[in-house]
1. Less than 11 Å Cβ to Cβ from residue 89, Lys/Arg counted +1 and Asp/Glu -1: what total charge do the surrounding residues give?
2. If you take every residue apart from residue 314 with its C-beta less than 14 Å away from the C-beta of residue 314, what net charge results, scoring Lys and Arg +1 and Asp and Glu -1?
3. What net charge do the residues around residue 282 carry, taking every other residue with its C-beta under 14 Å from that of residue 282, with Lys and Arg at +1 and Asp and Glu at -1?
4. Counting heavy atoms of the protein chains only and a 1.4 Å probe, report the per residue accessible area for the range 59-126 as a whole number of Å².
5. If I compute solvent accessible area with a 1.4 Å probe over the protein chains, what percent of it on the chain is carbon and sulfur?
6. Summing -39500 (n - 2.57) over the DSSP H runs of n ≥ 4 in the chain and dividing by its residue number, what mean residue ellipticity at 222 nm do you reach, to the nearest 500 deg cm²/dmol?
7. Whole-Hz ³J(HN,Hα) for each residue in the range 187-202, computed from phi via Karplus 6.51 cos²θ - 1.76 cosθ + 1.60 with θ = phi - 60°, x for glycine and proline: what do you get?
8. Over 23 Å apart: what share of the alpha carbon pairs of the range 13-94 falls there, rounded to a whole percent?
Amino acid sequence: MAPEPHQNRPVAVYTDIEDTDVSAGVALLEAAGFEVRVLETMDPERIIEGAADATALLVGYAEIDRATLERLPSVRIVSLMSMGFNNVDIDAASELGKWVTNVPGVATEEVAAHALALALGALRGVKEYAEAVTAGEWNSRSEIVQPRVSGLTLGLVGLGKIGAQLAAYARPLFARVLAYDPFVPRDEETLAGLEARGITLETLETVRRESHVLSIHTPLTAETERMVDEAFIAKMPRGSYLVNVSRGQLIDSHAVRAAVESGHLAGVGLDVLDEEPPTADHPLLGHPRITVTPHIAYFSAFTAAEYVRVQAQNPVTLMLTGTPDSPVAGPNTDHTR
């Protein structure tokens, strides 16, 4: 059924909201003059039908591809409730004259803290020992003898806001913090500034080879998809640990499981999977030295409110000023993934 006429009010449409309370966002949009609809769907056809007259599309996890964008000519902005934007074809959006916005920096502290928690949990065997207690095995000892954290090197693949915050949290605990990021300048001033914060910028090969704990903080692109595969892991030290709070598709799940079973990886901490929610037979479930949390690293009382606010504010700011607050792509603009 086609949407009812809205008497020239701009229309904002939420696609999928999962269990998020978007009432504050709805109120913000309505106060700015928008008519608001909540579809609660990721189905492309239902989105196209429900947003046929929309100016703003507010998206959770729904895939918004070129075909969907082409069938929504009135949409001026796709406003996301996440920092990542790989569920939207931003090239197509730019070509079609549409803005795409994200929620940058809101959950930096939370995600960095979660990454550190996963790293320390893996290093200390928390999941394995907790499961042993539940099974009545109080005196159980892991096959992996836990190392002392203060003698270890933490490696970061990606030194954006979250990677840098994790480094700040972890530096007092670890012997060294190494980082690789091809987008960080290697001029003398930048390198000296990083060294003053306890971070040494290195090549990917060096970070991978010398890190006892490797934490992944890169966006998902064609170049980074499944970058942590069998060959990548083989070049990590035997008995090292892997953490991923970025995107599940950055790692090869079967290769990681095999590396844990062989002992090449001593432990793994993940907040993301390549399949969410996972099937019961997902290779990264069910192992005592692999901890998986349900894509919850971003979540706190603060972010629960702020994600909703920023997502709703972007269409409002676009309407008022002609440019949204946090664009990752815009009409006829170049962008970096």
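1. Residues near residue 89 contribute -3 overall.
2. Details: positive: 76, 98, 309; negative: 306, 325.
That works out to +1.
3. -4
4. On a per-residue basis, the range 59-126 sits at 36 Å².
5. Carbon and sulfur together cover 53 percent of it.
6. -9500 deg cm²/dmol
7. Once rounded to whole Hz, the list reads 6, 4, 5, 5, 4, 5, x, 5, 4, 5, 8, x, 10, 10, 7, 9.
8. Working: 459 of 3321 pairs.
The answer is 14 percent, as a whole percent.
The values are calculated or read from the model by the stated rules, or taken from the named source; none is laboratory data. In this text the structure is predicted, and so the values were computed from the model without any measurement. Ideal geometry is used to build each Cβ from the backbone, glycine not excepted, and the neighbour counts take in all protein chains shown. Areas reflect the complete protein model, heavy atoms only, side chains present, ligands, DNA and RNA absent. Shrake-Rupley method; radii C 1.70, N 1.55, O 1.52, S 1.80 Å.
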